[in-house]
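Comments concern the structure below.
Computed from the coordinates by the stated procedures, all read-outs in this text should not be read as laboratory data. Since the structure is predicted, the reported quantities are computational estimates derived from the model, not experimental observations. When we count neighbours, we look across all protein chains shown, and the Cβ atoms used for this are built from the backbone with ideal geometry, even at glycine.
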Amino acid sequence: MREPERIPTRSDTIYDLASLTKPLVTGLLSARFVEAGELGIDAPISSYLSEFDRPDKSSLTIRQLLTHTSGLPAWRPLYLLTSDRDKVLASIAEEPLQDKPGERVVYSDLGFIVLGFVLQRLSGVPLKDLAQDQIFMPLQLTHTFFNPAQAMRTGVAACENGNAYERDMCERDFPSNTHSWRESVVWSEVHDGNAYFLGGVAGHAGLFSTAGETLKLANQFIALQSQLLKAETCELFRRNLTEGLNEARSFSWQLAATKDSTAGPSLPLDAFGHTGFTGTSCWIDAKTQRVFILLTNRTHARVLPFANINGVRRLFHTLAVRALGKTAVS
């Protein structure tokens with residue numbers, strides 16, 4: 001492998017936040033729609049998306065999508081299942097459920113892709129524009145977006161070389177596929193293959209941001225900080241909506257009460273957080289108004305298999321809490 005170009009990380013380096021898109025965009029927008037009475041948390045998905053009005057999925061709810069308890073598979077290479085991005089939603093609706101809805105937490109990209117479509121159907125506005133109008137502009141975010149311009153690439157942390165991770169999975173499970181894979185360094189474009197197929201914008205991935213602006217987004221989930229949500233809405237993020245199941249999940253976040261979560265031992269059980277495949281993570285302790293953001297590009301210039309950095313995330317939280325002491329800061 002040729003030695004990669006070395007560009008120093010700065011405080012304003014832009015990262016592909018990967019699955020942090022789920023809570024920071026899709027979860028936040030969903031909470032705003034619930035608060036406005038436009039989205040019912042226990043309403044069936046089929047009342048918003050006709051594609052889900054079918055015997056095995058008509059009873060699936062918005063809550064189940066938000067808590068990863070819908071029974072939908074964790075992942076599918078949608079770009080192999082259809083060549084037409086307009087048929088992605090129908091393709092997901094046709095996927096057999098892997099679990100009985102409401103009985104098990106199975107982290108699902110597909111569920112949040114569906115949520116993105118729900119928001120688009122409800123508003124009549126593309127997800128990118130919805131996020132811009134309802135989140136990025138009100139918060140005056142200038143380095144948070146989908147699809148950063150190629151001219152900005154030196155300010156963007158690079159990702160994997162050629163999306164080899166997904167290619168390996170697809171060649172194992174779909175050996176006859178003839179997909180045209182990206183070969184060069186994934187840089188200033190979304191890493192996730194499904195989000196890339198969907199034009200760089202999806203409910204599960206595609207968001208780019210800096211550490212400082214990620215903090216502004218994270219603060220919207222804290223009652224005493226939020227500019228976009230009411231205090232009572234923010235309580236949904238600390239509340240366990242999956243009592244008795246294999247993970248503790250709140251409204252679009254994982255709770256630290258989950259066994260082996262990346263929160264580590266130093267965050268309280270009602271802290272909530274999320275990770276991203278590219279090497280990102282965000283955990284929030286709403287009681288002390290503290291936000292812990294770790295942004296890395298762990299897939300860059302690395303051969304498979306990529307390192308599991310969950311231990312680093314837990315240690316980061318432990319060291320951060322120790323350094324902050326008992327002072328309530330964010």
Determine how many Å³ per residue the convex hull of the Cα atoms of region 265-307 encloses.
-> 74 Å³
Picking from 266, 180, 70, which is most flexible by a Gaussian network model of the chain using Cα springs under 10 Å?
-> 180
Taking the Cα centre of the chain as origin and charging only Cβ (+1 Lys, Arg; -1 Asp, Glu), how large is the dipole, in debye to the nearest 20?
-> 960 debye
According to the Cα gyration tensor, what semi-axes, each the square root of 5 times an eigenvalue, does the equivalent ellipsoid of region 1-75 have, listed from largest to smallest in whole Å?
-> 36, 18, 9
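Which loop-located GluC sites (Glu not before Pro) does region 8-81 contain, where loop means any DSSP state but H, G, I, E or B and the Cβ has at most 13 other Cβ atoms within 10 Å? Walk me through the numbers on the way to the answer.
Working: sites: 35, 38, 51; in loops: 38.
Answer by residue number: 38.
Over all distinct Cα pairs, what is the inverse of the mean 1/r for region 115-169, reported as the Kirkwood hydrodynamic radius in Å? Walk me through the intermediate numbers first.
Values: mean 1/r = 0.0724 Å⁻¹.
About 13.8 Å, per the Kirkwood formula over Cα pairs.
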When the Debye formula is applied to the Cα atoms of region 236-317, each taken as the same point scatterer, what base-10 log of I(q)/I(0) results at q = 0.23 Å⁻¹?
-> -1.05
Calculate, in whole percent, how much of the Cα-Cα pair population of the chain lies beyond 33 Å.
-> 22 percent
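First obtain the Kirkwood hydrodynamic radius of region 136-192 from its Cα pairs, then insert it into the Stokes-Einstein equation at 4 °C and 1.567 mPa s, and state the resulting D in µm² per second as a whole number.
Numbers: Rh = 13.4 Å.
Answer from the Stokes-Einstein relation: 97 µm²/s.
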Taking just the C-alpha trace of region 1-128, give me its Rg and Dmax in Å.
-> 16.8, 54
